[in-house]
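The values are calculated or read from the model by the stated rules, or taken from the named source; none is laboratory data. Because the structure is a prediction, the values reported are computed rather than measured. So basically every Cβ, Gly included, is an ideal-geometry build from the backbone, and we count neighbours across all protein chains shown.
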Amino acid sequence: MDSHSKLRIALCHPDLGIGGAERLVVDAAMELKERGHEVHVFTAHHDRQHCFEETLGGKFPVTVYGDFLPRNIFNRLHAVCAYLRCVYVAICMVLFWNTFDVVFVDQVSAVVPVLKMRKSSKVLFYCHFPDMLLAQHSTALRKAYRKPLDWLEETTTGKADLVLVNSEFTATTFGETFKTLQSKGIRPSVLYPAVDVHQSYTQTESSRKKQFFLSINRFERKKNIELAISAFAAVTMEVGAIHAAEEENEIATSLDVRLVVAGGYDERLAENREYLEELKSLAAKEGVSALVDFEPSCSTKRKNELLTSCIAVIYTPTNEHFGIVPLEAMAASKPVIACNSGGPKESVEHSVTGFLCDASARNFASAMMMLLKDPSVAVRMGLAARKHVENKFARSVFGQRLHGIILELLGKSRQNSRQVDMDSL
């Protein structure tokens, strides 16, 4: 297929808020738009006060269907409601819009068969991680509830024309989880998420006056942010011991440090509200409340200020599917201290662009102290990190690969159509 042909491309996403999945969808839309294609995003929810700024600028249209449908029923059946909302979006796309050449779907595979009703549209499904592994199966009732949903997820994922995943870790997990698809020879391809390396990273006067480590994550328990607080508490104890020794020897010290905990926060979600309070309680219990600043729902501009000014970014999820935060940190020329599992093993180069540690406060604190005691190490790692992310994880690299994948998908489709026509003669 001609790489200069203008395509009609739709992206279907459940909730266009702020998070790694949303960031990837927005990046995909931006990159495809910049390559001259007609791009349209469809979603069940788009809060203009809680979204990425690119979705507000008119660079591509965003159409919302089904926001009137419930998110849950008596605070239960969240997954069923999410599926129904997304299927409603897909039905509206099929009924009210002309055929798209390609539809990029992520998170909810249940929409794939609906979108495939338009025979001329190719459906690409991006699997961030199997949903059945994220859901709880802890009781007999939960298992019964999830069984049809798990079957639906695997079955509909296999209906896509192409499946992509965000890391080799997720690709391996995909094969181990969807055994039926594995037996059919369905193998996902890896398309790493990306970061905009051309963002403006600027310091503020107030941020220059203090040293701090930075944790950025959504306020969800699976992000394990308590590890950052406990590690920071261990750092403050070691810094306190150094202060005592230096005071005894009448030596001035500059090892004063803080921790900033920032990230996505949605007041509508009970877990977000509860977890923030749990983290504040933990900081009080560890005796570091006065040294920990919480900044939920900070703007992109504020996040970039924090990234520019921090010593390093502390990234605490274990077995994270990929993790966009390490890329954002490295783009800002900051080292990353992350768990030695999941996606960070593919994005962070140990002892080069940061540290990969066992998920313990002691190991994280040890890496933090190394950077705190010798700022030149943080500078050296930051420079290596910036170069690393430019070469492998820049948005342009992501866009070029996605564009190539789409052209190859359409090219194979048209080649197969011609072969069918020849066979029918």
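Overview of values
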{"item": "Sole residue being in contact with an Asp or Glu (Cβ under 9 Å, 6 or more places away or on another chain) and surrounded by fewer than 12 Cβ atoms within 10 Å (Cβ to Cβ), chosen from Lys210, Lys179, Lys119", "result": "Lys179"}
{"item": "Count - residues of the range 61-102 that are under 20 Å from Phe125 (Cβ atoms) and either of a type in the set (Gly, Ala, Ser) or part of a loop (DSSP other than H, G, I, E, B) (or both)", "result": "9"}
{"item": "Evaluation of Val352 against (1) under 19 Å from the mean Cα position of the chain (by Cα); (2) in a loop (DSSP other than H, G, I, E, B); (3) closer than 19 Å to Ala385 by Cβ (one fails), failing number", "result": "(1)"}
{"item": "Near pairs, Cβ below 7 angstrom, 6+ apart or cross-chain, from the range 255-266 (over 20 Å from Lys210 (Cα atoms)) to any residue that is in a strand (DSSP E or B) and among the polar types (S, T, N, Q)", "result": "none"}
{"item": "Residue list for the range 342-362, restricted to those being in contact with a Ser or Thr (Cβ under 7 Å, 6 or more places away or on another chain), farther than 22 Å from Ser230 by Cα and surrounded by fewer than 24 Cβ atoms within 10 Å (Cβ to Cβ)", "result": "Glu346"}
{"item": "Single residue of the range 123-147 satisfying the filter (part of a loop (DSSP other than H, G, I, E, B) and at pLDDT 90 or above) that is farthest from Leu24 (Cα to Cα)", "result": "Pro130"}
{"item": "Some residue of the range 336-351 being in contact with a helix residue (DSSP H, G or I) (Cβ under 6 Å, 6 or more places away or on another chain), at pLDDT 95 or above and farther than 30 Å from Pro130 by Cβ", "result": "no"}
{"item": "Restricting the range 50-83 to residues that are among the basic types (Lys, Arg) and surrounded by fewer than 16 Cβ atoms within 10 Å (Cβ to Cβ), the residue that is nearest to Gly20 (Cα to Cα)", "result": "Lys59"}
{"item": "Which numbered condition Asn72 fails, given (1) of a type outside the set (Gly, Ala, Ser); (2) in contact with a helix residue (DSSP H, G or I) (Cβ under 8 Å, 6 or more places away or on another chain); (3) farther than 15 Å from Thr156 by Cα; (4) touching a residue at least 60 places away in the same chain (Cβ under 8 Å)", "result": "(4)"}
{"item": "Selected residue (only one of Ala28, Ala44 is in contact (Cβ under 8 Å) with a residue 60 or more places away in the chain and not basic (Lys, Arg))", "result": "Ala28"}
{"item": "Inter-residue pairs, beta-carbon under 7 Å, first in the same structural domain as Val80 (by TED's automatic domain parsing) and in the range 148-164, second acidic (Asp, Glu) and at pLDDT below 95, 6+ apart", "result": "Glu153/Asp131"}
{"item": "Flag if Phe42 is aromatic (Phe, Trp, Tyr), touching a strand residue (DSSP E or B) at 6+ places or on another chain (Cβ under 9 Å) and not in a loop (DSSP other than H, G, I, E, B)", "result": "yes"}
{"item": "The one condition in (1) assigned to a loop (DSSP other than H, G, I, E, B); (2) out of contact with any strand residue (DSSP E or B) (no Cβ under 7 Å at 6 or more places or on another chain); (3) free of Cβ contacts under 8 Å to residues at least 40 places away in the same chain; (4) at negative phi that Ile18 fails to fulfil", "result": "(3)"}
{"item": "Of all residues making up the range 363-392, the number that are within 24 Å of the chain's Cα centre (by Cα) and surrounded by fewer than 21 Cβ atoms within 10 Å (Cβ to Cβ)", "result": "8"}
{"item": "Selection count where residues are closer than 18 Å to Ala228 by Cα, surrounded by 21 or more Cβ atoms within 10 Å (Cβ to Cβ) and either of a type in the set (Gly, Ala, Ser) or touching a His at 6+ places or on another chain (Cβ under 9 Å) (or both), scope the range 324-341", "result": "2"}
{"item": "Ala290 surrounded by fewer than 20 Cβ atoms within 10 Å (Cβ to Cβ) and of a type in the set (A, V, I, L, M, F, W, C)", "result": "yes"}
